[in-house]
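Working notes for the structure below.
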Amino acid sequence: MEDALEQARAAGARGEVPVGAVVVRDGAVVARAGNRTRELRDPTAHAEVLAIRGACAALGSERLGGHDLYVTLEPCPMCAAVISAARIERLYFGATDPKSGGVTVGPRIFSHPQCHHVPEVYDGIGAAPAEALLRDFFAARRD
């Protein structure tokens, strides 16, 4: 999760919402990314999507069975659907997102009958530093 937090810090430094994601297989990092929606002018350029795209490109497959995803913030519904489509084995996330989350709050994508693959989900991993990054980022924007 520390690598994902580093990606989140880098995203925040670029003016992006500080969210980071890392795809791991057997303890080795396959891909990492931070949010780049503003930089790329792409509403789908969330950290999770970019990390999954990078891992798929590295593997040469659209499926990431046996891979874990570490992300600093609870994935939104779009990202949760991508995680399911990529067949991520395990999802670890830090802060919950009561406003836009799609896993433990909101639409709970993995509980939906049309969800074809449900990863194992572990929440609260590195939650305190992830929450602090987000809180500080948005507080600075309000000042």
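The values are calculated or read from the model by the stated rules, or taken from the named source; none is laboratory data. Here the structure is a predicted model, which means the values were calculated and not measured. Using ideal geometry, Cβ is built from the backbone for each residue, glycine included, and neighbour counts are taken over all protein chains shown. Quick note on the areas: whole protein, heavy atoms, side chains included, nothing else; ligands and nucleic acids left out. Shrake-Rupley method; radii C 1.70, N 1.55, O 1.52, S 1.80 Å.
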What pairs can you find where one residue is in the range 11-23 and in contact (Cβ under 8 Å) with a residue 40 or more places away in the chain, the other is crowded, with 19+ Cβ neighbours inside 10 Å and charged (D, E, K, R), and their Cβ atoms are less than 6 Å apart, with a gap of 6+ or different chains? A21/E48; V22/R32
What is the one condition in (1) closer than 24 Å to F138 by Cβ; (2) touching a Lys or Arg at 6+ places or on another chain (Cβ under 9 Å) that V19 does not satisfy? (2)
Within the range 101-108, is even one residue on the phi > 0 side of the Ramachandran plot and basic (K, R)? yes
I'd like the full set of residues that are open to solvent by less than 70 Å² (accessible area, probe 1.4 Å) and part of a loop (DSSP other than H, G, I, E, B), limited to the range 9-25. G15, E16, V17, P18, V19
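Taking the range 16-33, which residues are touching a helix residue (DSSP H, G or I) at 6+ places or on another chain (Cβ under 6 Å) and over 17 Å from S100 (Cβ atoms)? Step through it out loud before you land on a result.
Just the residues of the range 16-33 that are touching a helix residue (DSSP H, G or I) at 6+ places or on another chain (Cβ under 6 Å), to begin with: 16, 18-23, 30-33.
Answer for the range 16-33, where residues must be touching a helix residue (DSSP H, G or I) at 6+ places or on another chain (Cβ under 6 Å) and over 17 Å from S100 (Cβ atoms): V22, V23, V30, A31, R32, A33.
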